[in-house]
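Participant: Quick one: structure below, then a few questions.
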Amino acid sequence: MLWGLGRWLRAAGYDTATAARGLADGELLRRAGAEGRVLLTLDRALEARAGAQAVAITLGSEGLDAGARELRARLGIDWLRAPFTRCLVDNAALVPASNDARRDLPPKARTLGGAINGCPDCGRLYWPGSHVRRMLARLEAWQESVPPRRVRTVGVGAMGRRAGDIS
């Protein structure tokens, strides 16, 4: 579930990282601190050990929707911060797609208008098609679902070295 939530945070424009499988809790906390990241976890005991640096979220039967609402309420996550400016898979900042890459788009996608961006690392293309529209609608719903109770300013020093770093 957290991996999926990380993907949605990238869709909103946040820089996220996933911990390596099997990484010991102490090392995970050390790395999160060294990188200035907030650690998202399902482990309440880990949250207690980390203090303000970790946020344990509860993902019940509502899954991602509940997690998104909780992140908005507890961290002031702006789900419309910078939609589709990061690759959903590898987290790289997107760049305008090259003309060569645009030729690989389905013909109808080339006529939609709007930005066509690509990931410089994996080559995935992002354009304003139905998939992006559906995801954007969900981000908008999460943004409107609950006002933040505790707002953490998104910027240097608040969530990490760069604006919006989250682990």
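Participant: Grab every C-alpha pair in region 1-51, bin the distances at 10 angstrom width from 0 up to the longest one, and report whole percents.
Facilitator: Pairs per bin, as whole percents: 23, 56, 21.
Participant: Could I ask something else about it? Which FRET efficiency value, to the nearest 0.05, do you get for R30 and C122 by plugging their Cβ-Cβ distance into 1/(1 + (r/R0)^6) with R0 = 35 Å? Before the final figure, lay out the partial values.
Facilitator: Details: r = 29 Å, r/R0 = 0.83.
Using R0 = 35 Å, I get an efficiency of 0.75.
Participant: Starting from the Cα of L42, step 7 Å toward the Cβ, then list every residue of region 68-84 with an amide N under 18 Å from that point.
Facilitator: From region 68-84, the list is 68-71.
Participant: Right, next: Could the peptides 96-108, 7-19 be put in order, highest first, of the mean number of other beta-carbon atoms found within 10 Å of their residues? Before the final figure, lay out each step's value.
Facilitator: On the way: 96-108: 11.8, 7-19: 20.4.
Put in order of decreasing packing, that is 7-19, 96-108.
Participant: Where does each of 126-132, 34-40 land if you order them by average Cβ count within 10 Å, highest first? Don't skip to the answer; put the middle values down first.
Facilitator: Numbers: 126-132: 15.4, 34-40: 18.3.
Per-residue Cβ counts within 10 Å, averaged per peptide and sorted highest first, yield 34-40, 126-132.
Participant: What share of Cα pairs, in percent, lie more than 24 angstrom apart in region 1-125?
Facilitator: Numbers: 2997 of 7750 pairs.
In whole percent, the share of Cα-Cα pairs in region 1-125 beyond 24 Å is 39.
Every number here is computed from the coordinates shown, using simple stated rules; none is lab data. Bear in mind the structure is a predicted one, so any value in this text is a computation, not a measurement. Cβ: placed from backbone, ideal geometry, glycine included. Neighbour counts: every protein chain shown.
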